[in-house]
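Visitor: Sharing a structure, written as structure tokens. Questions coming.
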Amino acid sequence: MSGIFLPIRIEFGKDSSLKVGSEFSSLKCKKVMIVSDKGVINSGLIERITKSITEAHIQAVIFDGVEPDPNIKCMETARDFYISENCDGILAVGGGSSIDTAKGAAVLVTNSEPIVSMAGVDKVNNPLPPLIAIPTTCGTGSEVTNVTVVTDNDHFKMPIVSTHLIPKVAMLDPNLLVSLPSKLISSTGLDALTHAIEALTNNTQNWYADSCALHAIRLIGIHLCQATNNRDIENLSQMLYASTLAGVAFTLSRLGLVHAMSHPVSGLAGVPHGVANAVLLPYVMSFNSIGNPGGYALVASALGIEPQENDIATALAGVKEVIKLNKQLDIPKSFRELGVNEALIPHMVEDTFKSGNIAINPRHVSKFDVEQIYKLSFSGESPIALFDSETITKN
Ligand SMILES: [Zn+2]
């Protein structure tokens, strides 16, 4: 079934973020809580945005307590700050952690139940206060998605999925990405690539999502390396556009095994989300290809690969292209290289199977399969071994 419902206005363009004051004015807000992290605040990016709000005769207060992989306490603290300051609107400025914290705080402002009870799909009853998102990375897509991810007290990353979580407006300003460190451009860009590949190849079927995903893959293939190396406005603009397209794609179509497996790596070992996805992506693509050869052949074509003798061969060439891209971007080949403790694998396998994305993965996957994929991604051995491996459960 294909359909689209995306209740958000997207503004794209250099300095578009400076119109945020008039946006909050249209939303009849009197006092806005800006949610961001200390890195973004210290870079000075917030100052012009805050000025735009105060020039619209709206008060602005800054919540700067955002942490990577935000936990329940972080979101509750932001909620308490919002209430104590009598705010009536929220602005998220930053990467996925800032936007997700803003969404989590917003959910808690209008819904009295504990955040844990809203984990899962469509469990948020009440609409959020007006929320605007301004991304400063090119990966999360959270500025347009219906998801926030909260890390619980057991380091498990729980997604909360609801249409209420889609911001009212996303303001995409490529000027805000120019000071982003190269390492963050590459890792967040590879997160966006993973969003697009999983939305395109999983078992949900949505043509609108596929169109967004395919174009996102194409743009990332062309622009990610140049954006990382040159940090120029043209390539960064295309990456920001691609990241939002990938966010639209997975809001309509959801994700797959890479995200199911990467969340435990980030939650338990603190590996940044984009890096965890990038390490796992070629392994999961290899494993999944025989579950949807046509889909993975489309991924390869979007990355510029010529069609081979059949879809499987084209898909395999696509896996090799992603390995090459990771190498060009200096992504470590294995979790061992990143210092992750291998003894965590059994815990990671258990947490992987709590993800709803397992059910829509294009290839049936068992706990044994996931353990084997983790083991390979720790060793850094070639993912191509997974392509038609006899050791893995056959479809
Ligand atoms: Zn992601």
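Visitor: Using a Förster distance of 56 angstrom, determine the FRET efficiency expected from the C-beta separation of Ile233 and Ser366, and round it to 0.05.
Guide: The formula returns an efficiency of 0.75 here.
Visitor: Rounded to the nearest 500, what is the chain's calculated 222 nm mean residue ellipticity when only DSSP H runs of at least 4 contribute -39500 (n - 2.57) each, over all residues?
Guide: Value at 222 nm, helices only: -16000 deg cm²/dmol.
Visitor: So, counting K/R as plus one and D/E as minus one, what does the shell of residues with Cβ under 13 Å around Ala213 add up to?
Guide: 0
Visitor: Whole Å is fine, so just give me how far the alpha carbon centre of the range 328-388 lies from that of the range 52-79.
Guide: Measuring centre to centre over Cα atoms gives 35 Å.
Visitor: So which of Lys28/Lys123; Lys19/Lys168; Lys38/Lys354 end up more than 21 Å apart by C-alpha?
Guide: Result: Lys28/Lys123; Lys38/Lys354 exceed 21 Å.
Visitor: While we're here: With respect to the cross-link table entries Lys73/Lys324; Lys324/Lys367; Lys14/Lys320; Lys14/Lys333, which display a Cα-Cα separation exceeding 31 Å?
Guide: Lys73/Lys324; Lys14/Lys320; Lys14/Lys333
Visitor: While we're on this one: Sort 251-262, 221-232 by packing, meaning the average of other beta carbons within 10 Å per residue, with the highest value first.
Guide: Ranked from most to least packed, the peptides come out as 251-262, 221-232.
Visitor: Once the dipole of the chain is set up with Lys and Arg at +1 and Asp and Glu at -1 on Cβ about the Cα centre, which of His364, Gly274, Gly21 lies farthest towards its positive end?
Guide: Value: Gly21.
Visitor: Let me make sure I get this right: for the range 182-386, a, b and c are the square roots of the gyration tensor eigenvalues over alpha carbons, sorted descending. Under 1.5 in a/c it's rounded, otherwise prolate if a/b > b/c, else oblate. Which is it? Please report the intermediate quantities before stating the final value.
Guide: On the way: a/c = 1.45, a/b = 1.18, b/c = 1.22.
It comes out rounded by the Cα gyration axes.
Visitor: Something else about it: Going by how many other beta carbons lie within 10 Å of each one, how would you line up Arg218, Arg48, fewest first?
Guide: Details: Arg218 18, Arg48 14.
So the residues, fewest neighbours to most, are Arg48, Arg218.
Visitor: If packing is taken as the average number of other Cβ atoms within 10 Å across a peptide's residues, how do 284-295, 108-119, 158-169, 134-145 rank, most packed first? Each step should come with its number before you reach the end.
Guide: Numbers: 284-295: 23.3, 108-119: 16.0, 158-169: 21.6, 134-145: 29.1.
Output ranking for 284-295, 108-119, 158-169, 134-145: 134-145, 284-295, 158-169, 108-119.
Visitor: While we're looking at this one, here's another question. Please report the antiparallel percentage of DSSP beta bridges with both residues in the chain, rounded to the nearest 5.
Guide: Numbers: 5 of 28 bridges.
Bridges in the chain that DSSP calls antiparallel: roughly 20 percent.
Visitor: Contour minus end-to-end for Glu350 and Lys31, with contour as 0.36 nm per residue of separation and end-to-end as the Cα-Cα distance?
Guide: Stretched out fully, the Glu350 to Lys31 stretch lengthens by 110.5 nm.
Visitor: Find out how many positive minus negative residues lie around Ile360, taking Lys and Arg as positive, Asp and Glu as negative, among other residues whose Cβ is under 13 Å from that of Ile360.
Guide: Here the count lands on +1.
Visitor: Take every DSSP beta bridge whose two residues both sit in the range 9-177, then give the antiparallel share in percent to the nearest 5.
Guide: Counting only bridges with both partners in the range 9-177, antiparallel ones make up about 20 percent.
Visitor: Per-residue HN-Hα couplings for the range 348-360, Karplus 6.51 cos²θ - 1.76 cosθ + 1.60 at θ = phi - 60°, whole Hz, x for Gly and Pro?
Guide: Residue by residue, the range 348-360 yields 5, 4, 4, 5, 4, 7, 7, 7, x, 6, 4, 5, 10 Hz.
Visitor: Rounded if a/c is under 1.5, else prolate if a/b beats b/c, else oblate: with a ≥ b ≥ c from the C-alpha gyration tensor eigenvalues square-rooted, which is the chain?
Guide: Note, shape of the chain comes out prolate.
Visitor: Angle, helix 257-269 long axis vs. longest principal axis of the chain, Cα atoms, 0 to 90°, nearest 10?
Guide: Helix 257-269 and the main axis of the chain meet at about 70 degrees.
Visitor: In addition: Among residues other than Pro174 whose Cβ falls under 14 Å from its Cβ, what is the net charge (Lys/Arg +1, Asp/Glu -1)?
Guide: -4
Visitor: A further question follows. Does anything in the range 10-40 have its amide N under 11 Å from the 7 Å Cα→Cβ label point of Glu55, and if so which residues?
Guide: Taking a point 7 Å out along Cα→Cβ of Glu55, the residues of the range 10-40 whose backbone N falls under 11 Å are 18-22.
Visitor: Classify the range 90-203 as rounded, prolate or oblate, taking a ≥ b ≥ c as the square roots of the eigenvalues of its Cα gyration tensor: rounded when a/c is under 1.5, otherwise prolate if a/b is larger than b/c and oblate if not.
Guide: Numbers: a/c = 1.83, a/b = 1.40, b/c = 1.30.
Verdict is prolate for the range 90-203.
Visitor: Next question. How many angstrom lie between the C-alpha centres of the range 114-138 and the range 10-45?
Guide: Cα centroid to Cα centroid, the span is 18 Å.
Bear in mind these aren't lab numbers, they're just calculated from the coordinates by the rules spelled out. Values in this document were obtained by computation on a predicted structure and should not be read as measured data. Note that we place each Cβ from the backbone using ideal geometry, even for glycine, and neighbour counts take in every protein chain shown.
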